[in-house]
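Here is the structure we will look at, set down as structure tokens.
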Amino acid sequence: MKIIDIQICKYDMSLLMSHFSERVDKTMLRNICTAFFFVGCLSCSTALKAQHFFDFNGKSVSPGTKEHFTITIADQDTATFIPVTVFHGKESGPVLGITAGVHGYEYAPILAGQKLIKEIDPEELRGTVILVQVANVGSFLGRSPYTNPLDDRNLNRSFPGDAEGTITERVASFISEKIIPRCTYFVDAHSGDAPEDLMPYSAYYQHDKKEDISSKGREMAKHMGFDHVIVFKTTDKDYMKKGAPSLYCSAQAFKWGIPAVDIECGRLGMVEEKFVEKIVAGLGSLLNYLEMTDGDPVVSQGIAFVEERSYMSSSYTGFFYPLKSGGDYVRKGMKIGYITDFFNKTRDVVYADTSGIILYMLGTPPVNKGETLVAIGIIKE
Ligand SMILES: [Zn+2]
């Protein structure tokens with residue numbers, strides 16, 4: 001845009017020069033034209049860059065700055081808060097919403113969010129980034145996988161939430177009402193919770209009747225540097241039906257017409273720098289792709305798309321011994337783990353029910369009958 005501005009102004013100037021060159025002193029004319037050129041450029045680019053304040057939670061964020069918010073969420077008995085950073089670019093552009101810590105024991109995305117405070121420069125940004133640093137502070141401070149100990153609810157099964165409900169429902173409601181509708185694009189960042197041995201991937205929502213936002217989500221998911229992209233096929237899902245709760249944070253965005261991506265990066269509730277960095281790089285790449293920052297997005301060569309997943313669940317309560325890890329390729333019939341009772345007697349041997357890649361595997365010993373042991377992604381050639 002900037003280059004076009006200057007070309008237009010140069011064109012105006014040369015036109016002026018040729019028009020009047022026969023009649024007036026050339027030096028004087030050059031001076032007038034140079035002044036015209038700068039004023040013109042300034043006003044052209046100011047008009048194109050014009051960026052307003054971004055009003056959020058009762059505060060106006062100035063263009064080219066960032067603001068941190070600590071948003072109190074409370075009911076009669078208990079209180080929590082949501083830490084949010086708003087980066088408001090100098091130039092206008094889309095609004096990207098990012099949530100970390102919807103599961104507060106998933107540290108890689110939470111630590112990536114902390115790094116983004118320095119990584120995203122609002123002076124260099126086009127548009128706005130709303131970054132929820134830790135959506136589920138109750139789960140984070142309580143060191144609680146899956147659920148918020150304040151009300152024992154899973155935030156990522158609580159959307160769209162309820163402003164008059166339990167504390168987790170109120171958190172979901174704030175995100176649904178005050179953040180998601182402001183966004184042009186949305187990313188919910190997760191990693192493997194305490195027992196989850198996950199492989200890194202991005203995932204996008206797909207719906208047959210929402211082709212435009214589905215394909216926009218697909219492009220987002222492709223431009224974040226992951227080798228594997230999972231397709232969340234939602235056409236027949238109950239949570240996409242009108243009036244049904246959307247349950248998941250990013251599904252709420254998708255339901256409201258916003259291209260939405262999930263990422264999973266990190267495992268077993270651990271802090272591993274390589275996964276933190278991968279998330280930072282992936283979100284940076286997405287900002288480049290969305291032209292909110294200057295730079296080239298990273299696209300993995302030969303991305304594998306996973307359109308079908310197979311889930312295998314436990315037939316016993318006891319100890320699970322995995323023989324594979326997240327990211328391993330398996331063939332149908334391959335031995336992938338076994339289950340013992342509380343006296344170390346083998347009760348079941350688990351064989352892969354399909355060929356594919358292990359997206360998720362239970363990575364710690366406790367297992368309850370009916371729980372998911374493994375999710376295998378089926379890759380079509
Ligand atoms: Zn999660």
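Put +1 on the Cβ of each Lys and Arg and -1 on the Cβ of each Asp and Glu in the chain; which of SER215, VAL261, LEU131 then has its Cα farthest toward the positive end of the dipole?
After comparing all options, I get SER215.
Where in the range 299-322 does the amide nitrogen come within less than 17 Å of the point 7 Å from the Cα of ILE378, taken along Cα to Cβ?
305-313
Let me spell out the model: positive unit charges on the Cβ of Lys and Arg, negative unit charges on the Cβ of Asp and Glu, origin at the Cα centre of the range 307-379. What dipole size does that give, in debye rounded to 20?
For the range 307-379, the charge dipole is close to 220 debye.
With label points built 7 Å along Cα→Cβ from the Cα atoms of PHE343 and LYS178, find their separation and express it in nm.
So the label points at PHE343 and LYS178 sit 5.7 nm apart.
Given a Förster radius of 51 Å and the C-beta distance between GLU291 and LYS369 as r, what FRET efficiency does 1/(1 + (r/R0)^6) yield to the nearest 0.05?
0.50
Taking 0.36 nm per residue of separation and subtracting the Cα-Cα distance, what length does fully extending ALA79 through LYS209 add?
Going from the current span to full extension adds 42.8 nm.
Just order 235-243, 151-159 by mean Cβ neighbour count inside 10 Å, highest at the front, would you? Please list the in-between numbers first.
Details: 235-243: 11.0, 151-159: 20.9.
Going by the mean number of other Cβ atoms within 10 Å, highest first, we get 151-159, 235-243.
Tell me the Rg and the Dmax, in Å, that the Cα atoms of the range 110-168 produce.
When restricted to Cα atoms, the range 110-168 yields Rg and Dmax of 14.7, 41 Å.
Along the range 138-143, what does the Karplus equation 6.51 cos²θ - 1.76 cosθ + 1.60 (θ = phi - 60°) give for ³J(HN,Hα), rounded to whole Hz, x for Gly and Pro?
Coupling constants for the range 138-143: x, 5, 5, 6, x, 6 Hz.
May I ask for the net charge around GLU308, where only other residues with Cβ less than 15 Å from the Cβ of GLU308 are counted and Lys, Arg are +1 while Asp, Glu are -1?
Details: positive: LYS233, LYS237, ARG309, LYS332, LYS380; negative: ASP236, GLU307, ASP353, GLU381.
Around GLU308, the surrounding residues sum to +1.
Which residues does a label at TYR329 reach in the range 347-362, if reach means a backbone N under 16 Å from a point 7 Å past the Cα toward the Cβ?
Residues 354-359 qualify, since their backbone N sits under 16 Å from the label point.
Which one of ALA251, ALA221, ALA304 has the biggest mean-square fluctuation once the chain is modelled by GNM with Cα springs under 10 Å?
Looking only at ALA251, ALA221, ALA304, the largest GNM fluctuation is found for ALA304.
Where the only charges are on Cβ atoms (+1 Lys, Arg; -1 Asp, Glu), what is the dipole of the chain about its Cα centre, to the nearest 20 debye?
Result for the chain is approximately 420 debye, rounded to the nearest 20.
What lysines sit close enough to LYS278 to cross-link, taking a C-alpha to C-alpha distance under 29 Å and skipping anything fewer than 8 places away on the same chain?
By straight Cα distance, LYS278 reaches LYS66, LYS90, LYS115, LYS118, LYS178, LYS216, LYS222, LYS233, LYS255, LYS324, LYS380.
Between THR234, MET199, ALA108, whose Cα lies farthest towards the positive end of the dipole of the chain when Lys and Arg beta carbons carry +1 and Asp and Glu beta carbons carry -1, centred on the Cα centre?
Selected residue: THR234.
By the scheme Lys and Arg +1, Asp and Glu -1, what is the net charge of all other residues having a beta-carbon under 15 Å from that of ILE279?
-4
List the residue ranges in the chain for DSSP H helices whose C-alpha atoms run 20 angstrom or more along the long axis and whose Kyte-Doolittle average is 1.6 or above.
Working: long enough: 2-20 (28 Å, 0.54); 26-49 (33 Å, 0.90); 273-289 (24 Å, 0.45).
Flagged H segments: there are none.
Please identify which residues in the range 64-80 have an amide N closer than 19 Å to a label point set 7 Å out from the Cα of GLU123, following the Cα→Cβ vector.
Label zone hits: 64-68.
Could you calculate the FRET efficiency of GLU273 with HIS68 from 1/(1 + (r/R0)^6), where r is the beta carbon distance between them and R0 is 25 Å, rounded to 0.05?
Working: r = 24 Å, r/R0 = 0.96.
For GLU273 and HIS68, the calculated efficiency is 0.55.
Listed highest first by mean packing, meaning other Cβ atoms within 10 Å per residue, what order do 96-106, 77-87, 308-318 come in?
Details: 96-106: 27.2, 77-87: 18.6, 308-318: 16.2.
Highest to lowest by the protection proxy: 96-106, 77-87, 308-318.
On the principal axes of its Cα set, how long, how wide and how thick is the chain? Give whole Å, largest value first.
Rounded to whole Å, the extents work out to 103, 55, 40 Å.
Every number here is computed from the coordinates shown, using simple stated rules; none is lab data. These numbers were taken from a predicted model, which means no experiment stands behind them. Here Cβ is always computed from backbone atoms with ideal geometry, including for glycine, and neighbour counts include all displayed protein chains.
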